[in-house]
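The values are calculated or read from the model by the stated rules, or taken from the named source; none is laboratory data. Treat the numbers as computed from the prediction; the structure is a model and nothing was measured. Every residue, glycine as well, gets a Cβ built from its backbone with ideal geometry; the counts of neighbours run over all protein chains shown. Each accessible area value is taken on the protein alone, full model and side chains, heavy atoms only, with ligands, DNA and RNA left out. Shrake-Rupley method; radii C 1.70, N 1.55, O 1.52, S 1.80 Å.
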Amino acid sequence: MSERTTELADLVGEEHAATGRDYAAGFVTEIEADTLPPGLDESIVRAISAKKEEPSWMTEWRLDAFRRWLSMPPPRWAHVQFPDIDFQAISYFSAPKGDAPKSLDEVDPELLRTYEKLGIPLHERARLAGVDTAGEDAPQVAVDAVFDSVSVATTFKERLAEAGVVFCAMSEAVREHPDLVRRYLGSVVPKPDNFYSALNSAVFSDGSFVYVPKGTRCPMELSTYFRINAENTGQFERTLIIADEGAYVSYLEGCTAPMRDDNQLHAAVVELVALEDAEIKYSTVQNWYPGDEQGNGGIYNFVTKRGACLGDRSKISWTQVETGSAITWKYPSVVLRGADSVGEFYSVALTRNRQQADTGTKMTHIGPRTKSTIVSKGISAGNSQNSYRGRVRMNPGARGARNYTQCDSLLIGDACGAHTFPYIESKLPSAVIEHEATTSKVSDEQLFLCQQRGIDPEKAVAMIVNGFCRDVFRTLPMEFAVEAAKLLEVSLEGAVG
Amino acid sequence: MTLLRIEDLHVEVDGKEILAGIDLAVDAGEVHAVMGPNGSGKSTLANVLAGRPGYDVIRGSMTVDGADVSALSPEERSLRGLFLAFQYPVEIPGVSNMEFLKAAVDAHALGRGDEPPSAVDFVKRARVAAGRLQLNPDFLKRGVNDGFSGGEKKRNEILQMLILEPRLAVLDETDSGLDIDGLQVVADGINAFRANTNAVVLVTHYQRLLNYVVPDHVHVLADGRIVHSGDRKLAVELEERGYGWLAN
């Protein structure tokens with residue numbers, strides 16, 4: 001290891017006294033909360049269901065999931081290390097006190113201020129942070145704001161309703177659209193799919209529900225902003241997006257949490273359903289609190305995300321930019337059932353300090369001529385561990401199916417690790433599966449070239465990393481691409497102090 | 001006016017002395033060619049001027065416009081007008097040439113206390129410079145040196161020089177890897193750059209570039225020292241006789 005590389009490593013991660021300084025979302029909102037005591041048993045599951053005034057079928061559904069969860073072991077195959085979680089020490093529900101606001105005007109001003117500080121407008125005149133300069137023509141974005149266990153506001157509901165689009169909190173959907181929920185909830189990620197999906201199915205709180213009717217192009221971007229605020233509380237949101245025949249929707253989620261010394265669990269389930277000729281584009285900018293430089297605190301982000309391309313020619317595209325969380329365990333996947341359906345996964349995962357990420361995707365080809373593309377960019381700095389784990393499965397009926405996987409790792413310094421775990425399961429000799437993988441380092445040569453041209457090393461590293469991620473950022477909606485690039489820059493730069 | 005002054009410069013790489021007492025003075029408006037056999041220390045001289053890590057100054061001084069630059073970081077030297085055209089330009093995939101150049105130009109503007117140029121003005125400037133080097137405008141959109149031919153990489157170095165307008169340009173074997181047409185284009189670029197406010201140090205193994213860019217002074221480097229200096233006729237003589245008669 002050259003001295004130079006050591007300097008570079010210092011630059012990006014270790015010398016920094018307070019990681020918190022560059023985690024702008026790390027503040028706590030002082031608000032009175034209604035929180036269930038820690039612990040999990042059937043009475044807690046019933047209590048959550050009761051708080052949400054759910055019909056009995058939903059309560060039973062949750063209890064069934066809970067009973068299955070009891071007999072399941074947590075997964076241990078991921079390339080991450082952490083002490084066992086005490087599931088009885090976590091509170092499974094926390095919500096700001098008071099009745100649910102019926103309109104935006106009734107939302108607690110303290111909450112509005114919280115989202116304002118985070119750059120998320122909960123009023124309908126403003127645009128999302130970072131796009132102010134785009135002027136009046138900037139696209140409007142509808143936001144569902146989830147604070148701990150409940151949705152506190154959803155904007156643009158009326159305008160969306162005019163187009164026939166349903167965009168609301170999951171708990172509202174259970175009451176207002178029970179047929180759709182009963183039909184599709186758990187249809188893509190079954191309750192016992194895995195330990196965390198079973199847990200989520202038992203105790204899930206809010207999340208977003210989207211239904212785009214036949215032949216409708218959703219008139220604006222939809223987004224959900226998840227915020228964990230309360231201490232010792234898990235967040236278990238549940239999101240279900242259904243694009244009916246020929247529909248199109250683009251959805252974005254963002255997430256942040258206060259800085260705390262304890263780890264907090266976030267175990268979400270997201271299900272996407274695309275019927276014939278429908279298209280769903282799902283983008284995530286994940287910036288949960290990553291913990292400090294010694295690895296204290298931070299969110300455990302154990303998430304199950306899966307989409308089903310049920311209809312012919314349907315398309316589901318996942319884009320994720322993962323910079324936060326102490327541990328990320330997440331594999332947004334696509335089940336390609338419809339003929340000629342398309343699945344895509346574009347990912348940027350940045351880890352630094354003691355962060356650990358084990359993330360990737362599963363593409364399951366069932367229908368004929370199905371096509372999937374995987375582009376994964378892992379960036380590791382500091383003492384972090386960053387793994388890509390991906391499975392491409394070709395079932396016997398997937399005649400003419402194709403997959404292309406590109407998996408690139410970039411190392412900054414050499415105390416970090418990058419790992420690639422590709423699994424290819426083909427029951428179809430004729431399937432075309434291409435896999436390319438590269439590992440590179442931000443080299444001393446690249447850095448010197450930039451410096452020789454007057455660019456300081458921090459800016460140079462940010463520029464090089466952004467260039468490395470270009471293929472993925474391209475797939476994000478414009479304004480979020482800008483946000484993602486900035487977030488990456490802050491995450492790298494923060495280390496310089 | 002002396003732009004660059006090097007005095008008794010000793011440089012080590014990995015503990016081994018490569019430059020063993022260099023003295024050189026370059027005035028504004030001049031072009032100096034530094035020639036010499038392989039391993040004589042030519043590239044070391046170019047790199048140590050730019051402040052490349054790993055090149056340790058053991059003794060002596062390097063001043064640009066009267067200020068010693070030995071202790072400055074590479075980017076500080078750049079902001080003071082020192083430019084190095086790399087012998088082997090490195091690739092930065094995904095970062096477009098345009099983006100890279102803009103970052104460099106902005107850093108220089110800020111270094112001078114100026115506002116960075118607007119994107120529109122900058123793009124115009126970059127296009128003009130690219131045209132001068134007979135580079136297609138698409139060239140600016142491609143990743144820095146990514147997939148460039150050897151000749152394109154060298155032209156790209158000169159492009160950066162034309163845009164950054166340094167006080168002192170040190171060109172490290174910019175002629176290597178160029179075909180005849182490329183050599184002509186690069187030479188035209190260097191000649192267009194020449195002015196009485198700047199200076200050029202051409203590090204080269206062969207004298208063919210000197211047919212196009214006529215130097216005011218030619219120095220021969222051997223075993224880490226300048227063993228002979230002369231005018232352009234020296235370069236021609238070297239072409240005919242080789243380096244052997246000087247080195248001993």
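Here are some notes:
- Electrostatic bookkeeping for B:Asp106 treats Lys and Arg as +1 and Asp and Glu as -1; over the other residues with beta carbon under 10 Å from its beta carbon, the sum is 0.
- Accessible area in square angstrom per residue, region B:2-246, 1.4 angstrom probe: 41
- Cross-link pairs exceeding 22 Å between alpha carbons, from the set A:Lys441/B:Lys16; A:Lys362/A:Lys427; A:Lys52/A:Lys157; A:Lys281/A:Lys362; A:Lys157/A:Lys281: A:Lys441/B:Lys16.
- Near B:Leu234: Cβ cut-off under 14 Å, other residues only, Lys/Arg at +1 and Asp/Glu at -1. The net charge is -2.
- A simple spin-label model places the labels of B:Asp179 and B:Ser118 4.1 nm from each other, with each point 7 Å out along Cα-to-Cβ.
- Given charges at Cβ of Lys, Arg, Asp, Glu: the protein assembly as shown dipole, positive-most of A:Ser49, A:Gly467, A:Met363: A:Met363
- Chain pair A, B: total accessible area buried, heavy atoms, 1.4 Å probe, Å²: 2000
- Taking the accessible area of region B:1-106, probe 1.4 Å, and keeping the other protein chains in place, the carbon and sulfur fraction comes to 47%.
- With R₀ set to 51 Å, the beta-carbon distance separating A:Lys427 from B:Asp14 gives a calculated FRET efficiency near 0.35.
- Carbon + sulfur, % of accessible area of region B:171-248 - ligands and nucleic acids excluded, 1.4 Å: 46
- The Rg/Rh ratio of region B:2-246, with Rg taken over Cα atoms and Rh as the Kirkwood radius over Cα pairs, comes to 0.96.
- Cβ-Cβ distance of A:Lys97 and A:Ser43, R₀ of 22 Å, FRET efficiency by 1/(1 + (r/R0)^6): the value works out to about 0.55.
- Dividing the convex hull volume of the alpha carbon atoms of region A:257-358 by its residue count gives 70 Å³ per residue.
- For chain B, the longest principal axis of the alpha carbon atoms and the long axis of helix B:119-132 meet at an angle near 50°.
- Dimensionless Rg over Rh [the protein assembly as shown; C-alpha; Kirkwood]: 1.07
- Ligands, DNA and RNA excluded, the heavy atoms of B:Lys141 present near 140 Å² of accessible surface to a 1.4 Å solvent probe.
- When the Cα positions of B:Ser73, B:Leu24, B:Ser118 are compared along the charge dipole of region B:1-148, B:Ser118 comes out farthest toward the positive end, with charges on each C-beta of Lys, Arg, Asp and Glu.
- Reciprocal of mean inverse Cα separation for region A:337-491 (Kirkwood radius, Å): 16.7
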